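In what follows, a structure is listed as structure tokens, so that the remarks can point back to it.
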Amino acid sequence: MKRYLTPLLIIITSICLVACDFDKPENENYLYNNEATSKRVKINIEEAKVLSDVAILNETVISISQLSQIKSNEYHVKKISSKLKKDNLKIKRQLSDLAEKKIILLPNSIDETVINELLKIEENSFSETYLKKVKLILESEVAQLKYLSNITNDVDFKVLTVKLLVTLQYNLNQIQNILKTNY
């Protein structure tokens, strides 16, 4: 009887241990990891959204700069629009490279309302209107990039924002100078 009792006790004890519901106590570290993961996902989504917004603004600048080269009669406006187009095509490549690296799909769209407004403008007031519109778009792009720089801890995003901010701020200053001296 003793021979059967020992294995029986072992089997019963094993069944009890397996059947017991071991509640994993939720410690502080466990909760933190879930919160940290959730926060990082939200930041990733926000980074992608801001990058998409910047891409749309950038495409809009390229399009209205092309329009300006056709429609404007003033040399300094044609010159700045040519520079803007060139710089923003370079920015587009940089945005695309980072988006590809971070697996972010960038939209290939523009703000059509700005283009439609500029198409309706007569040639004699086109240049000033163009400069004011592009100034607003560049200011918006700068604000978006500063916001991106503030919300992210990702080095790639930080480096990109610094590069782009230098270029955009320079172009914005050029446009402001043209507006002050000519209009």
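Computed from the coordinates by the stated procedures, all read-outs in this text should not be read as laboratory data. Treat the numbers as computed from the prediction; the structure is a model and nothing was measured. Glycine gets a Cβ as well: all are built from the backbone with ideal geometry, and neighbour counts include every protein chain shown.
Write down the radius of gyration of segment 93-183 and its Dmax, each obtained from C-alpha positions, in Å.
My reading of the Cα-based Rg and Dmax gives 15.8, 47 Å.
Subtracting the Cα-Cα distance from 0.36 nm times the residue separation, let me have the gained length for Glu123 to Asn44 in nm, one decimal.
Values: separation 79, 0.36 × 79 = 28.44 nm, distance 4.39 nm.
Length gained, Glu123 through Asn44: 24.1 nm.
Subtracting the Cα-Cα distance from 0.36 nm times the residue separation, let me have the gained length for Lys90 to Asn116 in nm, one decimal.
6.9 nm
So how far, in whole Å, is the C-alpha centre of segment 122-183 from the one of segment 63-101?
Rounded to whole Å, the Cα centres lie 12 Å apart.
Quick check on my link table: of Lys71/Lys135; Lys133/Lys180; Lys49/Lys79, which ones sit more than 22 Å apart, alpha carbon to alpha carbon?
Table pairs above 22 Å Cα-Cα are Lys49/Lys79.
For a Förster distance of 45 Å, can you work out the FRET efficiency between the beta-carbons of Val159 and Ser82, rounded to the nearest 0.05?
Working: r = 27 Å, r/R0 = 0.60.
Taking R0 as 45 Å, the efficiency between Val159 and Ser82 is 0.95.
I'm a student and want to see the number: the projected area of the Cα convex hull of segment 117-169, averaged over all directions, in nm². Show your work: numbers first, answer last.
Numbers: hull surface 16.8 nm².
Average projection, Cα convex hull of segment 117-169: 4.2 nm².
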